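Below you'll find the structure, written out as structure tokens, and then a few comments.
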Amino acid sequence: MAHTNLLLELSNEVADAVDRIAPSVVQVRSRRWRPAAGLVFSPEHVLVSDHAIEQEEDLTVRVDGRALGATLAGRDPSTDLAVLEVSGLDAPPVVPSAATARVGQLAVAVGRSWSGGIIAGLGVISSIGGPWRTGRGPAVEQVFRTDITPYPGFTGGALLAPDGSLAGVAAGILLRGLNLVIPAKIAWGVADMLARHGRVRRAFLGVGGQPVRLPESQRAAGRDPSAGSGSARAQSGADRGILVVSVSDGSPAQRDGVMVGDIILSFAGHRVDDPETLLSLLTGDLIDHAAPLEIMRGGSLRTITVTLTERNGAN
């Protein structure tokens with residue numbers, strides 16, 4: 001009987017969590033794509049999968065039986081997220097989870113069916129990894145994988161944490177045979193920039209590079225305590241970095257003294273072993289700010305301070 005009561009309690013908790021978020025999970029329709037789910041981000045904005053609204057015309061958000069016209073506020077293909085501006089939503093914004101997701105944690109997927117009804121699935125977060133490259137821009141810093149069946153109505157929908165808050169957003173086009181979810185912290189950061197700026201602001205350094213294994217002599221230099229306790233490489237003793245093979249004209253890297261042949265070891269206190277990791281660190285909050293770039297040059301460890309600019313279409 002105790003086990004029966006426990007299962008009943010869990011079942012009721014899951015159903016209650018779905019009921020609570022249902023008013024904030026809407027259906028999004030575009031002229032040439034099947035319906036997808038969307039999440040109320042603010043009183044006037046809905047977060048949705050970018051690929052679900054490839055055509056910007058005739059965008060409609062359905063909520064509480066109402067069909068509301070929507071316009072595109074901004075899109076970010078690299079995370080497959082977009083934000084729509086909608087008047088008259090009258091729906092509560094979703095609350096992102098403040099907790100850190102864990103492998104094995106129960107999770108509930110919530111979306112909208114073809115007819116617009118709420119749908120749900122229960123499973124676990126089976127892995128957490130990243131960076132993950134979508135092929136349409138910089139890598140996504142982190143993604144979750146779940147064992148929940150990825151029905152079409154879940155695309156753009158919510159993945160709930162055990163407390164009923166938002167753990168992540170269903171990725172849809174990122175699946176490639178896997179059921180991947182973008183963590184709520186990343187999704188909400190992207191949504192905030194799209195709602196305010198119409199685009200995701202990313203910092204620009206201006207180097208081209210390739211992964212390289214450090215020679216033994218340089219590994220020893222990297223582990224040298226004289227490099228300073230604040231050195232990411234000195235602390236880690238790792239043996240890889242990024243060989244700079246090009247420096248863009250007029251870039252922050254050129255202006256602040258980065259040279260072809262340098263080996264980048266860390267950036268802004270984070271170890272970097274490949275160009276994708278470095279790219280993932282060039283976030284919008286670093287624009288117009290100085291950050292330390294630790295390099296190996298001629299067998300000697302040194303730190304260059306670089307002030308980043310904003311990446312644009314030409315960068």
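Here, each number is a calculation from the coordinates, and none is a lab measurement. The structure displayed is predicted, hence computed values, not measured ones. Don't worry about glycine lacking a Cβ; one is built from the backbone with ideal geometry, like all the others, and counts go over all protein chains shown.
So for the pair R255, R102, with labels modelled 7 Å out along Cα→Cβ, what separation do we get in nm?
A separation of 4.6 nm, rounded to one decimal place.
Over the chain, what is the mean sequence separation of C-alpha contacts under 8 Å (at least six apart), divided by residue count, expressed as relative contact order in percent?
Working: 742 pairs, mean separation 42.3, N = 315.
The normalised contact order for the chain reaches 13 percent.
In nm, to one decimal, how far is the T4 label point from the S115 one, both placed 7 Å along Cα→Cβ?
Distance between label points: 3.2 nm.
Rounded to whole Å and ordered largest first, report the semi-axes of the equivalent ellipsoid of the range 1-148 derived from its Cα gyration tensor (root of 5λ). Don't skip to the end; give the middle numbers.
Numbers: eigenvalues 160, 92, 32 Å².
Square roots of five times the eigenvalues give 28, 21, 13 Å.
Kirkwood Rh, Cα Rg: Rg to Rh for the range 2-86? Can you show the working numbers first?
Values: Rg = 16.2 Å, Rh = 14.1 Å.
My calculation of the ratio gives 1.15.
Hey, what angle do you get for helix 2-21 against the long axis of the chain, alpha-carbon based, 0 to 90 degrees rounded to 10?
In the chain, helix 2-21 runs at an angle near 80 degrees to the longest axis.
How big is the chain by Rg and Dmax over its Cα atoms, in Å?
Both quantities, over Cα of the chain: 22.5, 73 Å.
Extending each Cα 7 Å along its Cβ direction at S127 and S11, get the distance between those two points in nm, one decimal.
Roughly 3.3 nm, to one decimal.
Which ³J(HN,Hα) values in Hz, rounded to whole numbers, follow from the phi angles of the range 64-77 under the Karplus curve 6.51 cos²θ - 1.76 cosθ + 1.60, where θ = phi - 60° and Gly and Pro get x?
Values, residue by residue: 6, x, 9, 10, 10, x, 9, 10, 6, 8, x, 9, 9, x Hz.
Taking amide H positions as placed in the peptide plane 1.01 Å from N, state which residues far from A73 in sequence (5 or more) or on other chains have amide H under 5 Å from it.
Correct list: V83, L84, E85.
Once amide H atoms are built 1.01 Å from N in the peptide plane, which residues 5 or more positions from A107, or in another chain, come under 5 Å H to H?
Excluding prolines and chain starts, which carry no amide H, the hits are G123, V124, I125.
Angle check, please: helix 184-197 long axis (alpha carbons) against the longest principal axis of the chain (alpha carbons), in degrees 0 to 90, nearest 10.
90 degrees
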